[in-house]
Amino acid sequence: MNRAAETAAKGPPPLKAWLWRSYLRAALVPLLLIELTFVALYWGTSRVVYDRSAGAITEISTAALGDAALREADVIARRLETIAALTGVYAEETGRALALPAPEVPEAERANHALSPEGVFHSKTDRGGSAVFVSGVVPVGPVQEDKVWRTLRLDPVMKSIRAADPLIAQLYVNTSDSLNRIYPWFDVLAIYPPRMDIPSYNFYYEADAVHNPGRGVVWTDAYVDPAGAGWMVSAIAPVYGADDPDRLDAVVGLDITTKAIVDQVLDIDFKGDGYAILVSRDGTILALPPEAEGDLGVSALLEHSYEEAILQDTFKPDSFNIYRRAELFDLAQALQSAPEGDARVDLGRPMMAAWATIAGPQWKLMVLTSEESLLAAATTLRDELTFVSWAMLGILILFYGIFFLFLWRRSIAMSARVAQPLAEIEGNMARITEGGTVAADHRYGVAELQAVGDHLVNMGTRLQAANAAKANFLSAMSHELRTPLNAILGFSELLKNDPAHPLPPEAGRQVQAISDAGWQLLQLVEGVIELSRIERGEVRNNRQPIQIIPLAQQAVEAARPGLRSHDVTLSVEMPETPLPQAMADPEILLRILTHLVSNGVKYNRAGGSVTLSFRQEPGRLAIRVQDTGIGIPPDRQARLFTPFDRLGHENGTISGTGIGLAICRRLADLTGSSISYESHEGQGSTFTLRVPLA
């Protein structure tokens, strides 16, 4: 069904709805579309601005991140270079100390050393110098004790070197026969196991000719210090024999703990959430700050296990090796392919990484920061633009909400300004249709409506005059017709009932036909007169409290003579409880009930019935006249109370004028009552008269 057909089916909309739709179509929808287009353009522009800003900021920030990695790598390289230089100095001093004869050792110093039952030669108490541990893996003899006294002269050097740089946690010298001199002093028997094979540890063998053919200072991987200092890296250097340059006599080392690296080396102030981590040559994470632990899924190994450390070399697990983690494969490739660079990496959140190689140990300093932090400025701009967009949209919605409300109220006012006069005009037209008049004192705010109202006044006046002329004519004609009709009816009765001169059968039937036609014509005349009296307001309405049942019984008795020609049963259903009094004119009410009962008999079928029943309703008393007659077709029910309309029975055998129900309704309206009906073709009809309670 198309739109026109739907409109035709539903009927035209009310004036208020029509005005509102006109506002929407003509003004509001176009304006709203324009405003929304502007908001969409602003939104799209802000997105372009954000994308361009984000790209530029990412490029600038990535370059700055790379510069920071290079700068900090250079700073760390210089610090480690200093430690490497100190390690070289320490190695030279150790070589000289081993090449020279033992100095004169004070008796107190000798007394501070002892041989344990397990065969370990060791220092007993802290005298402000270094600790000595000769493990006994090579049985302790004069040679080993002589090395202890020769290396005693290293204590001042060890103190000075440790004091030179706060990164240095401890210094040591380890000999090929497992002598360990370490500063600062600690209880070696409580940490080291007897017969510890020191050359088998990485902080010794990584300096030998196989691992360090250049014989310079090298850096170890991270390991657990057997001395108990925790995870650390060492700058180590070999000490070869003075009389045999190919004999590795000792290895010296300067230890830096992972904690010291985190606290002092990686304590770099990056903007946002950036941080740095230190990666060894083989990809092992040497040190990382707490901020990196969540991103990389590891915790900095600051704790250590002495039991494992004293039994074997202990290195960091594979989870600390970037090159061995599948999820970091792309980053590992980038780190190994270039000494410096940058790459995007996903560590549970998008991040940017930049790295640079630290000269000397060839470690890599990697600086990481989240893309969110990099784009903080752009994100702030985007958020501000988004806020402005939402604010604009909110203001727009608020404005149009108020505007819609204003226009809605305006449409109501305008529709009232037009609809009220139209409704009044419509009521006046209905009043004129019913025979009423219209007052001439109307004033409308629209000229066209005023003109229509004036025309209605004139029309009502003319129609009233025509109705008055019609009523006068009908009244006069009715009175003029009543006299000859009375004569006709009187003489027909005399002819029928004269015992002295009985009529032949055929003549009797003819006289009866004259009488029936006369009575029907008289009923029509009486109905016209009564309708005319009602229209002129000449019917007296004497409302008073009355009992309904006696009047109903009178109406039934009045209709009984008509039963002679109809095989119909008349009955009254008496209520179980007494009925309250009703407020009505008894004469008018009797006329209404009589006509309703007579109609029920007249339009019934042979063997049918007419039943009166009563029902009390709120404020009213309902009198129901129910018949089992022929019923009224649905397409004729709307004309039921139209005067002189017999609903298709004009040429039928049922007599009548078609004016009775119209008179009944007008009489009911006159007394404040009402008539309703329910009818089904072929089943019968029910007429309900509702009378106000007294």
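Extending 7 Å from the Cα toward the beta-carbon at both residue 338 and residue 693 defines two label points whose distance is 10.0 nm.
Take the alpha carbon atoms of the stretch 94-116, find their center, do the same for the stretch 355-373, and report the distance between the two centers in whole angstrom. Each part's Cα centre sits 45 Å from the other's. Could you work out how much longer the chain between residue 458 and residue 165 gets when fully extended? Use 0.36 nm per residue separation minus the Cα distance between them, nm to one decimal. Contour length minus the Cα-Cα distance gives 93.6 nm.
Sorted on the mean count of surrounding Cβ atoms within 10 Å across their residues, most packed first, peptides 581-591, 165-175, 501-511 read 165-175, 581-591, 501-511. For the listed peptides 638-644, 151-157, 456-462, a ranking on the average number of other beta carbons within 10 Å per residue, highest first, reads 151-157, 456-462, 638-644.
Please give me the summed charge of the neighbours of residue 403: other residues whose Cβ is under 14 Å from its Cβ, Lys and Arg +1, Asp and Glu -1. My count for the surroundings of residue 403 gives +1. Judged by the mean number of other Cβ atoms found within 10 Å, the most tightly packed of the peptides 275-285, 594-604 leads the ranking 594-604, 275-285.
The relative contact order of the stretch 541-648, computed from alpha carbon pairs under 8 Å that lie at least 6 residues apart in sequence, is 28 percent.
Just tell me which aspartates and glutamates come within less than 17 Å, Cα to Cα, of residue 159; anything on the same chain fewer than 8 places away is out. Within the straight-line cut-off, residue 159 pairs with 92, 93, 126, 255. Between residue 104 and residue 282, the FRET efficiency estimated from the beta carbon spacing at R0 = 41 angstrom works out to 0.30.
Here, each number is a calculation from the coordinates, and none is a lab measurement. Note that this is a predicted model, so its numbers are computed, not measured. Backbone-built Cβ (ideal geometry, glycine too); neighbour counts: all protein chains shown.
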